[in-house]
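Heads up, the thing below is written out as structure tokens.
The values are calculated or read from the model by the stated rules, or taken from the named source; none is laboratory data. On a predicted model such as this, the values are computed, not experimentally measured, just so you know. Neighbour counts run over all protein chains shown; Cβ positions are idealised from the backbone, glycine included. These accessible areas exclude ligands, DNA and RNA; they are computed on the full protein's heavy atoms, side chains included. Shrake-Rupley method; radii C 1.70, N 1.55, O 1.52, S 1.80 Å.
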Amino acid sequence: MAWTKKVLRVNLTEGSISNEPLNMEWANDYLGQRGLATKYLTEEIDPNCDALGPDNKLIMTTGPLTGTMASTGGRYSVVTKSPLTGILACSNSGGFIGNEMKNAGWDMIIFEGKSPKPVYLYVENEKAELVSADEIWGKSVWEADEILHKKYQDPLLRIAAVGRSAEAGCLYAAIVNDLHRAAGRSGVGTVMASKNLKAVAVRGTKGVGNILDPKAFIKATNAGKKVLAENAVTGEGLPALGTQVLMNVMNEMGAMPTRNMKEVVFEGAGDISGEAMLEPRESDGKPNLTTNAGCFACTIACGRISTIDRNHFTIENKPEYWGNSGGLEYEAAWALGSDCGINDMDALTYANFLCNEDGYDPISFGSTVAAAMELFEAGAITTKETGGVEFKFGSAEALAKAAEWVSTGEGFGKDLGLGSKRLCEKYGHPDLSMTVKGQEFPAYDPRGVQGMGLAYATSNRGACHLRGYTIASEVLGIPVKTDPLETDGKAELVKAFQDATAAVDSAGICVFTTFAWTMEDIAPQIDAACEGDWSVDRCLEVGERIWNLERDFNNAAGMTAADDTLPKRLLKDAANVGPAKGRVNDLSKMLPEYYELRGWTSDGQLTDETRTRFGL
Amino acid sequence: MMLRSLQIEPEKCTGCLQCEMACSYEATGLFNPAKSRIKVFTFHDAGRFVPYTCTQCEEAWCMHACPVEAIVINEATGAKEILDDVCVGCKVCTVACPFGTVNYDTDTKVVAKCDLCGGDPQCASACPTDAITYVDADHTGLERMRAHAAQS
């Protein structure tokens, strides 16, 4: 059990709401969250539908461990077809709203159609209603959050919303919950806004139960928590420095993508690192980091709560930004910082605040700004397009302006909201876009970490580090150390990480637990909570089934093996310095083996045998 | 037997709500923060998380205010406990408590407050950062004294 076994279905076109039992046959095959919602979506939409049209659906989904005492058991995902990539979008978020959905009695909320007028969904346990969004449409996420909290006089209401960027059509808009957690990638916020759905506000007081064997569950989750507490990464590194623990590590490895991935080492990395966030400022003696924070049920607590220096040019006359909010994670610090050649931590924190305030993905945003900077320096974009701003690498002023524009979609923000691929095509230099399948890269240069190149090329949602995080093995030695510059064995490694991650996501827990947990730690928690035998092998089989289901949908949506590639820069231009000097990513040495291990044809299609094996 | 008190150190709290789940699970059998007797408050602008619950007052306002003597002292733990079958749900104790830590539950129709779980408070066990501990009631300041002593 552990599922509530109930699905809320919201038809936005009709303005009608119904509920239905969860398909338990599918839950047995796909567990929950990412896997199960993907099964629902792929059964219900045409792979070739317009991502921003009424035929696309958007699913908010929890897992069987969401809302329980399992550490990090607060995750929820948004599954839909992406307007950025044209394939599946599945964006995972922490914070508190996932637990609230579960406490209100829902495993999943499925949105279909398109509302004729802006609305938001209000859920209070069994009660669910669509309400006119007149008072919050056109507002930022933060404003909408405040207005709804005041309106319902309920400080414990949990809210997920889209900002003005999504309303303006930014293709990488996020859905932000609890002010600074986000289903961030692939434009899930853009889809939500396209449906005239501004927010989802949830209050749940029913409690999460249905634990199959409560005694075994408490025992297994306590054992898991002990492992996290005693592990150097989850027990020390992440709470102290957050994911920013990686900034100096990756830079020293020569795998820090810099200035639109032209280089692999950033000279300013130390200035924007996790360690730098702890250094007292000259102006007020306070560090950037106020405290670490946990999402619901998380015993790691990697979250950053930060302030910007009040004297910094970005906010000196804007007291509304003087308080604390979600600070820099590694991905944001990299994309806004090293990829744009900027070492001004306050400017990065400001841009990060704006990404949260108006809901857009800092990875895609930062990478797109980086591409725009390279286009500017190449003369393809001029001050005519940028409204007079010198859009050069290293310019904190340009970054701050870019964030303000994308927040509202004004001026050059419209172009920047297209994402790197469309921006570079528009200005005649498609090769300058550092994307796979239309989605911007995260913070690991695949010339210095070979397996990540394969993970990016084959990720089911475009370039992404969270679909198969081989950094764990190639950099941190988890669960075993592999040579980051070696290609042998990486196909198997990538596949293993991809399958395990699909299962972890689908349980409703955070992938960061896997710095310490193996499936041996995770499966007993699922097994104690859920009916049926959830052994390690079954969890991994479910993970592999999910991966194949996602791939099959993407193929049907028009993706081909030719899309399983990397930008020329990473395949042809060797790293200029550092441990990976002279290396490109040798994708072609890994990809055929990967297809074979997957049970796919040489052009990346599922074989009949694979299809049969997983019941697809 | 030595009496113990819950000690809360907000600067250690990360806001994860494991305490709220543990409390509600002990009290109701469900993971339900809405029914937790301990609450964690987030002060977003200040970047602070503060757990708060009953301090088990010696001269307990709630107990004195109760017209039906439904609040009694557990001599072993010092906790002021609600007798659910005696409580008539008049809510006078919720008004009397200066700290707001006694609250009415519309599902059970009686009030609920921290009872120290009979001497094994689950919030303290569940807290991953020791922001909530269960310590010698006569020396709740001991660790702070130790920290200052170390600096002197």
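Worth pointing out:
- Candidate set: region B:44-94, residues that are within 14 Å of chain A (Cβ to nearest Cβ) and open to solvent by less than 50 Å² (accessible area, probe 1.4 Å); chosen: the one nearest to residue B:121 (Cα to Cα): B:51
- Any hit, region A:358-372, residues being of a type in the set (Phe, Trp, Tyr), within 17 Å of residue A:432 (Cα to Cα) and crowded, with 24+ Cβ neighbours inside 10 Å: yes
- Among all residues of region A:242-256, there is at least one that is surrounded by fewer than 23 Cβ atoms within 10 Å (Cβ to Cβ) and either of a type in the set (Ser, Thr, Tyr) or within 14 Å of chain B (Cβ to nearest Cβ) (or both).
- Contacts under 7 angstrom Cβ, first residue in region A:499-523 being free of Cβ contacts under 8 Å to residues at least 40 places away in the same chain, partner open to solvent by less than 20 Å² (accessible area, probe 1.4 Å), 6 or more apart: A:504/A:522; A:519/A:539; A:523/A:534; A:523/A:539
- Region B:125-139 - residue that is more than 14 Å from chain A (Cβ to nearest Cβ) and open to solvent by 50 Å² or more (accessible area, probe 1.4 Å) and, of those, modelled with the highest pLDDT: B:138
- Looking across region A:520-538, the residues that are surrounded by 24 or more Cβ atoms within 10 Å (Cβ to Cβ), under 30 Å from residue A:330 (Cα atoms) and not polar (S, T, N, Q) come down to A:522, A:526.
- Among residues of region A:585-602, those that are outside any helix (DSSP H, G or I) and open to solvent by less than 30 Å² (accessible area, probe 1.4 Å), counted: 3
- Residue A:22 vs. criteria under 24 Å from the mean Cα position of the chain (by Cα) and touching a residue at least 60 places away in the same chain (Cβ under 8 Å): no
- Complete set of residues in region A:1-30 that are part of a strand (DSSP E or B) and among the hydrophobic types (A, V, I, L, M, F, W, C): A:7, A:8, A:10, A:17
- All positions within region A:270-295 that are open to solvent by 60 Å² or more (accessible area, probe 1.4 Å), modelled with pLDDT of 95 or more and outside any strand (DSSP E or B): A:271, A:275, A:278, A:279, A:286
- Filtered by the rule that a residue be facing chain A (nearest Cβ under 7 Å) and assigned to a loop (DSSP other than H, G, I, E, B), region B:30-39 gives B:30, B:32.
- Candidates in region A:551-565 are the residues that are polar (S, T, N, Q) and part of a helix (DSSP H, G or I); of these, the one that is nearest to residue A:89 (Cα to Cα) is A:554.
- Candidate set from region A:305-325 (those that are more than 14 Å from chain B (Cβ to nearest Cβ), farther than 16 Å from residue A:399 by Cα and in contact (Cβ under 8 Å) with a residue 24 or more places away in the chain); member that is surrounded by the fewest Cβ atoms within 10 Å (Cβ to Cβ): A:311
- Pairs with Cβ under 9 Å, 6+ apart, first in region A:148-165 and open to solvent by 30 Å² or more (accessible area, probe 1.4 Å), second of a type in the set (Asp, Glu) and at pLDDT below 95: none
- Residues satisfying the stated conditions in region B:95-124, i.e. open to solvent by 80 Å² or more (accessible area, probe 1.4 Å) and either at positive phi or among the acidic types (Asp, Glu) (or both): B:107, B:109, B:120
- The set of residues in region A:384-413 that are part of a helix (DSSP H, G or I), under 19 Å from residue A:170 (Cα atoms) and either touching a helix residue (DSSP H, G or I) at 6+ places or on another chain (Cβ under 8 Å) or among the hydroxyl-bearing types (Ser, Thr, Tyr) (or both) comprises A:398, A:399, A:400, A:402, A:403, A:404, A:405, A:406, A:407, A:408, A:413.
- Residue that is within 27 Å of residue A:146 (Cβ to Cβ), free of Cβ contacts under 8 Å to residues at least 60 places away in the same chain and surrounded by fewer than 24 Cβ atoms within 10 Å (Cβ to Cβ), where the choices are A:394, A:411: A:411
- For residue A:425, the requirement of being closer than 21 Å to residue A:52 by Cβ and in contact with a Ser or Thr (Cβ under 8 Å, 6 or more places away or on another chain) is met.
- At least 2 residues being more than 14 Å from chain B (Cβ to nearest Cβ) and under 19 Å from residue A:72 (Cβ atoms) is the threshold, and among the strands (runs of 3 or more DSSP E) wholly inside region A:145-240 those reaching it are A:181-183.
- Restricting attention to region B:1-23 and to residues that are more than 7 Å from chain A (Cβ to nearest Cβ) and among the polar types (S, T, N, Q), the residue that is nearest to residue A:64 (Cα to Cα) turns out to be B:7.
- If you go through region A:111-121 and keep only what is within 27 Å of residue B:42 (Cα to Cα) and either out of contact with any helix residue (DSSP H, G or I) (no Cβ under 8 Å at 6 or more places or on another chain) or assigned to a loop (DSSP other than H, G, I, E, B) (or both), you end up with just A:121.
- Considered as a group, the residues in region B:40-89 that are out of contact with any helix residue (DSSP H, G or I) (no Cβ under 6 Å at 6 or more places or on another chain) and in a helix (DSSP H, G or I) include one that is farthest from residue A:202 (Cα to Cα), and that residue is B:64.
- Scan of region A:603-616 for residues that are under 21 Å from residue A:539 (Cα atoms) and not in a helix (DSSP H, G or I), ordered by number: A:606, A:615, A:616
- Residue within region A:540-548 that is open to solvent by less than 50 Å² (accessible area, probe 1.4 Å), among the aliphatic types (A, V, I, L, M) and farther than 21 Å from residue A:42 by Cα present: no
So that you can scan it fast, the table gives a plain yes or no per residue for (1) hydrophobic (A, V, I, L, M, F, W, C); (2) open to solvent by 50 Å² or more (accessible area, probe 1.4 Å); (3) touching a Lys or Arg at 6+ places or on another chain (Cβ under 8 Å):
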{"position": "A:478", "(1), (2), (3)": "yes, no, no"}
{"position": "A:491", "(1), (2), (3)": "yes, no, no"}
{"position": "A:518", "(1), (2), (3)": "no, yes, no"}
{"position": "A:559", "(1), (2), (3)": "yes, no, yes"}
{"position": "A:563", "(1), (2), (3)": "no, yes, yes"}
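- Single match in B:37, B:48 (criterion: in contact with a Pro (Cβ under 9 Å, 6 or more places away or on another chain) and basic (Lys, Arg)): B:48
- Criterion (of a type in the set (Ser, Thr, Tyr), more than 14 Å from chain A (Cβ to nearest Cβ) and outside any strand (DSSP E or B)) met by exactly one of B:108, B:101: B:101
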